[in-house]
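Everything below concerns the one structure shown next.
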Amino acid sequence: MKSAYELAMERLNQKSPTVKLTAAQKAKLSELDSKYKAKLAEREIVLTDELAKATAKGDVTAMDKAEQHLAIERRKIQEDLEEKKERVRQGKD
């Protein structure tokens, strides 16, 4: 008798089978991760500097704006990365 876990895994594999990635796809995914990690670090440095300046001035509005901008930039970069990774996984890139 199969466990509930095994049955669930079988159903999952039927609905969305596991995709085997080629070595080239794995390399491209790794390259994308590296590139976007650097891009995110660059944006964080710039925006953290803006946040530090606003904090030094005591400008609460500018601090909030810088924090929101940083959150938006992180989200945009992450979404762009996931979109490109999905294209690689599907073999479209």
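For the chain, the longest principal axis of the Cα atoms and the long axis of helix 60-89 meet at an angle of about 30 degrees.
Which shape class applies to region 1-65: rounded if a/c is under 1.5, otherwise prolate when a/b exceeds b/c and oblate if not, where a ≥ b ≥ c are the square roots of the Cα gyration tensor eigenvalues? Oblate is the answer for region 1-65, as a/c is 1.5 or above yet b/c matches or exceeds a/b. Between 0 and 90 degrees, the angle of helix 23-57 with respect to the longest Cα principal axis of the chain falls at about 20 degrees. Of all lysines in the structure, those lying under 17 Å Cα to Cα from K57, and not within fewer than 8 positions of it along the same chain, are K65.
Placing pseudo-labels 7 Å out from each Cα toward the beta carbon at V60 and I72 gives an inter-label distance of 2.2 nm. Sorting the segments 82-91, 46-55 by their residues' average number of neighbouring beta-carbon atoms within 10 angstrom, most packed first, yields 46-55, 82-91. Highest mobility in the GNM of the chain, judged by mean-square fluctuation with C-alpha springs under 10 Å and restricted to R43, R75, R11, is found for R11.
A short reminder: the numbers here are calculations on the coordinates, not readings from a lab. Here the structure is a predicted model, which means the values were calculated and not measured. Cβ sites come from the backbone with ideal geometry, for glycine too, and all protein chains shown count toward neighbours.
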